[in-house]
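Report on one structure; see the data block that follows.
The values are calculated or read from the model by the stated rules, or taken from the named source; none is laboratory data. On a predicted model such as this, the values are computed, not experimentally measured, just so you know. Note that each Cβ is placed from the backbone with ideal geometry, even for glycine, and that neighbours are counted across all protein chains shown. Accessible surface areas use protein heavy atoms only, side chains included; no ligands, DNA or RNA. Shrake-Rupley method; radii C 1.70, N 1.55, O 1.52, S 1.80 Å.
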Amino acid sequence: RMSRHAKKLRDHDINPCLVETDATTKCMDDNNYNKDLCADYFLKYKNCRKFWHEIMMQRKRNGVKPEMPPAEERKKILESMG
């Protein structure tokens, strides 16, 4: 049974980097937990977290709620960037 925290991390509306998280985990599983072989996945995850953290902080400064845009809104943000 998953904890409430674990469930939150699996929620697309809460965790904008779910795809990157899963890809990193799969890479680690597939490569016997050799971090070096998964460096690209870690970098993509790190960049994802950094990007959405900046969006979240900007929304917080502007008083926009929720601070983390829901999945559908995030999709539109990414599409608008090309």
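Descriptive notes on the structure:
- Positions within the stretch 68-82 being assigned to a loop (DSSP other than H, G, I, E, B) and loosely packed, with under 11 Cβ neighbours inside 10 Å, in sequence order: G82
- Which numbered condition K60 fails, given (1) surrounded by 11 or more Cβ atoms within 10 Å (Cβ to Cβ); (2) charged (D, E, K, R); (3) within 18 Å of V19 (Cα to Cα): (3)
- Scope the stretch 36-67; condition basic (K, R), more than 23 Å from T25 (Cα to Cα) and not in a loop (DSSP other than H, G, I, E, B); matching residues: R59, K60, R61
- Taking (1) open to solvent by less than 100 Å² (accessible area, probe 1.4 Å); (2) at pLDDT 95 or above; (3) under 18 Å from L78 (Cα atoms) in turn, K50 satisfies each apart from (1).
- Within the span defined as the stretch 13-35, one or more residues are among the polar types (S, T, N, Q), open to solvent by less than 80 Å² (accessible area, probe 1.4 Å) and more than 14 Å from the chain's Cα centre (by Cα).
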